[in-house]
Amino acid sequence: MERRRPVFPEFTSALSRTEAALVLGYFPVHIVLLPRLLGLLYARGAIDILWANVLLYGFGFGYMLAAAFRFLRRDFDPLADRPLLVAGQVCTGYLAMLACNILAGLLIARLTDGAENVNNDALVELAEYSYGPMKAALVYLGPLTEEMLFRAGLFGTLRHKNRVAAYAVSMLAFSVYHVWGYALDDPGYWIFLLQYLPAGWLLARCYERTNSIWGSVFFHMLTNYMALELFSAAMRAA
């Protein structure tokens, strides 16, 4: 019997030109300008690191809703039309990410004598300090902000021109975004690109296959939630 391959909807998700300009134009704000402003407030004692993260992603969340509300509304239709497809892609993508994380962790440990991801450790420590606000930033605010930037903005815009370039650019940009702050001080930290490249690929794949940015948003939310819970449980047990 011939095995049938799953049928995925045609990829039609796309920001309008105005929406794309607004979303992509937020990159320097999110990566440079807003962190510097929040850093100044932190240096003056006005906020702590925890609330700097909450404000960073909270502002991004609000900006994306204002800048691309119509796109987010349009992309909700494929989610409503094929909820089982979206749920299946989110769940299978998450399981694949777990496997990739294990393999990447083993490879990094072998190459670096057991180096640990400082970014993950810092986020978990902040969650231990104040779980509610950090959960809000990581699970609810951050995923929408990052998926709009890296998947809807970069991947979605390039996907309609060159599929290979869309995957390559969005994966690399997503990975560099998560490690560059630490790698500037310690070049050896670039090795952790290996940990984020599979995530960038799987999130873009979920977006493409579900034809809805909400697919990758929910995938990202699930990943962050489970990671936060697992790391927090491990730290409490230690």
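All of the numbers you see were taken from the coordinates with simple rules; none came from a lab. Here the structure is a predicted model, which is why all the values come from computation and not from measurement. Backbone-built Cβ (ideal geometry, glycine too); neighbour counts: all protein chains shown.
Residue 76 versus residue 118, label points 7 Å from Cα toward the beta carbon: distance in nm?
Inter-label distance under the simple model: 4.1 nm.
By how many nm would the segment from residue 7 to residue 31 lengthen if fully extended, with 0.36 nm per residue of separation less the alpha-carbon distance?
Full extension of this stretch gives 4.9 nm more.
Given +1 on the Cβ of Lys and Arg, -1 on the Cβ of Asp and Glu, and no further charges, what dipole in debye does the chain carry about its Cα centre, rounded to the nearest 20?
So the dipole magnitude of the chain works out to roughly 860 debye.
Where does the charge balance sit around residue 77 when Lys and Arg score +1, Asp and Glu -1, over other residues with C-beta under 15 Å from its C-beta?
So the surrounding residues net to +1.
Rounded to the nearest 500 deg cm²/dmol, what is the calculated helix-only ellipticity per residue at 222 nm for the chain, with -39500 (n - 2.57) per DSSP H run of length n ≥ 4?
Here the helix-only value at 222 nm equals -22500 deg cm²/dmol.
By the scheme Lys and Arg +1, Asp and Glu -1, what is the net charge of all other residues having a beta-carbon under 12 Å from that of residue 224? Numbers along the way, then the final one.
Details: positive: 135; negative: 146, 147, 229.
Within the 12 Å Cβ shell, the charges total -2.
For the range 1-115, how big is Rg over Rh, using alpha carbon atoms and the Kirkwood form of Rh?
My calculation puts Rg/Rh at 1.10.
Could I get the Rg over Rh figure for the chain? Both from C-alpha atoms, Rh via Kirkwood, rounded to two places. Show your work: numbers first, answer last.
Details: Rg = 18.1 Å, Rh = 18.7 Å.
Looking at the chain, the ratio lands at 0.97.
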